[in-house]
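What follows draws every value from the coordinates through simple rules; no lab data is involved. Just so we're clear, the structure is a prediction, and the values are computed from it rather than from any experiment. Virtual Cβ from ideal backbone geometry, glycine too; neighbours counted across all protein chains shown.
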Amino acid sequence: MLNLLGGSDRLCSGLSRRSFLSIGSLCFGMGGFTLSDLLRAEDAAGKRNSHKGLINIFLGGGPPHQDMWEIKTDAPAEIRGEFSPIATNVPGIQICEVFPQLAQRMDKAVVIRSVVGCKDRHESNQCMSGWFPDDLKALGGRPSIGSAVAKLHGTVDPAVPPFVGLAARTSHVPWSHSGDAGFLGAAYSPFKPDGPGMENMKLHNISLDRLRDRRRLLTSLDTMRRDIDTSGIMAGMDAFEQRALDVLTSSKLLDALDLSKEDPKIVERYGDGKPYKYQYDGAPTCNDHLLIARRLIEAGVRVVSLSYGRWDSHGQNFDLVRDHGTKLDQCLSALIDDLSVRGMLDDVTIVVWGEFGRTPKINNGAGRDHWAQVSCAYLAGGGMRTGQAIGATNRLGEYAKERPVHMQEIIATLYHNLGINVAASTIVDPTGRPQFLVDHEPIRELI
């Protein structure tokens, strides 16, 4: 955690040398790995600064594939469910009736109806890395795509972390995991705005609530810099520690997280996703997180992951999909439009998916249970060949009948869109052995 207050051996400004030297911890994971340490590691690895972006929207709980992107009109009543398909602006492609706005943007998106390779485990790892927690567990586990990109590409702007996780902590904790750094270590963990690093970031008794007063903040920072120079500490800092200080004294990250700085009409288009229903032990339907994700990418973040809603519909499946789906339709269509208008859509990939699908047969509580045999995904932007529906399940939605798409193929496609060749790129693990990012190639139909 960062705390620029308290401690012994204070400087004239009231900032202790011990506190100052620990600047940069923020919320980059465990172990006290500081931001200056992270910057050293990135510099040593020789990072590139291309700025492709990824917004990974995790539908924690397992969204029902047959109630979203492939309505089973020919199935019997106990399997088909309550929804009807609607036409999209791409001839021949239909999706669920709760997505009328997305239907009119189908030309900018892709639905995958035949995702395989899932496990019946309520974990986000499958969608954050393509791997499971057990893979290379003895070495710390496989890194998520955000962590790998942070390692391979580094920062776009030294004042902005390359990987941000917006998911607030959920009662079922794995649903709020934004993607682990695995064997890469804490330096490549996602920065979490809701974490203790942000909660304890203070400058001379100025809390985050008061950081919006730019003039007061700059005055405090100027005083801090002068005091540091007077004490001779600034002269002794290396370039990496100065860059760490630049992160803390920059307003770019805070501005990106502050929706009061956004056009109110755009905020209204996204909506807020309230009232939050069917949340239980999962994530709320925070529509505004998608807008914050766009603002973060615009500020220089490479990968933003977030958890949207709680889709574990063992009961009231159709009521849940009407609620969550309608809200997702609003914010996701707004995000696509927003990126398109800003000329960012070809550079930013959006992926929306969950850890598995739901049972073909509806249970006695009007719900669907876990079904790992097949799932679904929605992608948009990223310079892909959009306007497609890839794969299909059989008549009852039980298994992938046409073009099974492995989860790792989707992850490989995301890497490809971010400018990383999964056939050639490796990351060295703690034993010195190079590890490929995934075992599959990108989806050939999309690149």
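Starting from the Cα of R444, move 7 Å in the Cα-to-Cβ direction to define the label point; list residues of region 378-396 whose amide nitrogen is under 20 Å from there.
The answer is 384-393, whose backbone nitrogens lie closer than 20 Å to the label point.
Identify, among Y399, F318, W353, the residue whose Cα sits farthest towards the positive end of the charge dipole of region 307-424, taking +1 on the Cβ of Lys and Arg and -1 on the Cβ of Asp and Glu, with the dipole about the Cα centre.
Final value for the positive-end residue is Y399.
Describe numerically, in nm with one decimal, the distance between label points set 7 Å from Cα along Cα→Cβ at E402 and at S251.
Calculated label separation equals 5.4 nm.
With each pseudo-label sitting 7 Å past Cα toward Cβ, what's the M344-L259 distance in nm, one decimal?
1.5 nm
How long is the gain from A138 to D319 if the chain were fully straight, where each residue apart is worth 0.36 nm and the alpha carbon distance is subtracted?
60.9 nm
Estimate the FRET efficiency between D107 and N364 by the formula 1/(1 + (r/R0)^6), using the beta-carbon distance for r and 45 Å for R0, to the nearest 0.05.
Result of the calculation: an efficiency of 0.65.
For region 270-404, evaluate the Debye formula with one uniform point scatterer on each Cα (no solvent term) and list log10 I(q)/I(0) at q = 0.13, 0.15, 0.17 Å⁻¹, rounded to two decimals.
-0.65, -0.85, -1.04
First select every other residue whose beta carbon is under 12 angstrom from the beta carbon of I427; then total the charges, Lys and Arg +1, Asp and Glu -1. Before the final figure, lay out the partial values.
Numbers: positive: R142, K151, R433; negative: D429.
Neighbourhood net charge equals +2.
Contour minus end-to-end for A392 and D74, with contour as 0.36 nm per residue of separation and end-to-end as the Cα-Cα distance?
My answer for the length gained is 113.1 nm.
Which of rounded, prolate, oblate describes region 346-447, given a ≥ b ≥ c as roots of the alpha-carbon gyration tensor eigenvalues and a/c under 1.5 marking rounded, otherwise prolate only if a/b is larger than b/c?
Prolate, because a/c is 1.5 or more and a/b exceeds b/c.
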